[in-house]
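Notes for the one structure printed next.
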Amino acid sequence: STAASSGVGMGLATTFVLVFSNMVISSLRHIIPERVRIPGFIVVIATFVTIIDLIIKAFLPSMSDTLGIYIPLIVVNCIILGRAEAYAGKHGPIPSLFDGIGMGLGFTVGLTLIGMFRELIGAGTLFGIQVMPSAYEPVNIFIMAPGAFLVLAMLVAVQNRIKRQKSEKTGKPAVPAEETG
């Protein structure tokens, strides 16, 4: 996500897939044979990815152009398959629904934050609106592929610092973000 709006769009598309695939997979968990569990999960996930891709193409063509190939790649997103395996395959539809909502919205927040920082530093805008003064010189690396890694590293560093400060106040040891996911 090189822009905040792309982060929101991709995050909400992923949330849609997470919510509905979790519910269907949890409903079918006793029906899908163990030996075809993963392929079965992928078929369910691919179905919902196709649905959201077609919806975005029909109703938000500019968002479809922006996200391009990344929407179909939701099928191989480890978060989706991981939640299907770890949660939906072991719990009922209602808890799986809420798991999908929570995980999806968390993913949306993460992608949007990364997109916001990349857009602000790399273009001087937020959600397409110029927020930096005209004298601002954008740092182009932030809108290229390495920019995402730089922003992610900065966000993890901020998270670790916050956890460390919290642990110093409570006296409990901090667990770095890379260990907690």
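The values are calculated or read from the model by the stated rules, or taken from the named source; none is laboratory data. Please read these numbers as outputs of a predicted model, since none were measured by experiment. Neighbour counts are summed over all protein chains in view; Cβ atoms, including those assigned to glycine, are modelled from backbone coordinates with ideal geometry. Just the protein is used for accessible areas: all its heavy atoms, side chains included, with ligands, DNA and RNA removed. Shrake-Rupley method; radii C 1.70, N 1.55, O 1.52, S 1.80 Å.
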- Message: Once each part is reduced to its C-alpha centroid, what is the distance from the range 87-150 to the range 44-68 in angstrom?
- Response: 18
- Message: Just to verify a number: FRET efficiency for Val43 and Met154, C-beta to C-beta distance, R0 = 41 Å, to 0.05?
- Response: 0.60
- Given a 1.4 Å probe, how much area per residue of the range 73-181 is accessible, in Å²? 63
- Task: Determine by what factor the alpha-carbon radius of gyration of the chain differs from 2.2 N^0.38 Å, reporting the quotient.
- Result: 1.19
- What does the highest-first list of 139-152, 79-92 look like by mean Cβ count within 10 Å? 79-92, 139-152
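Over the chain, what percent of the accessible surface lies on carbon and sulfur atoms, probe 1.4 Å?
Working: 7520 of 10580 Å².
Carbon and sulfur together cover 71 percent of it.
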- Task: List the residues whose amide H sits under 5 Å from the amide H of Leu126, counting only those 5 or more places along or on another chain, with H placed 1.01 Å from N in the peptide plane.
- Result: Val131
- Ordering 52-58, 124-130, 100-106, 16-22 by per-residue average of other C-beta atoms within 10 angstrom, highest first, gives 16-22, 100-106, 52-58, 124-130
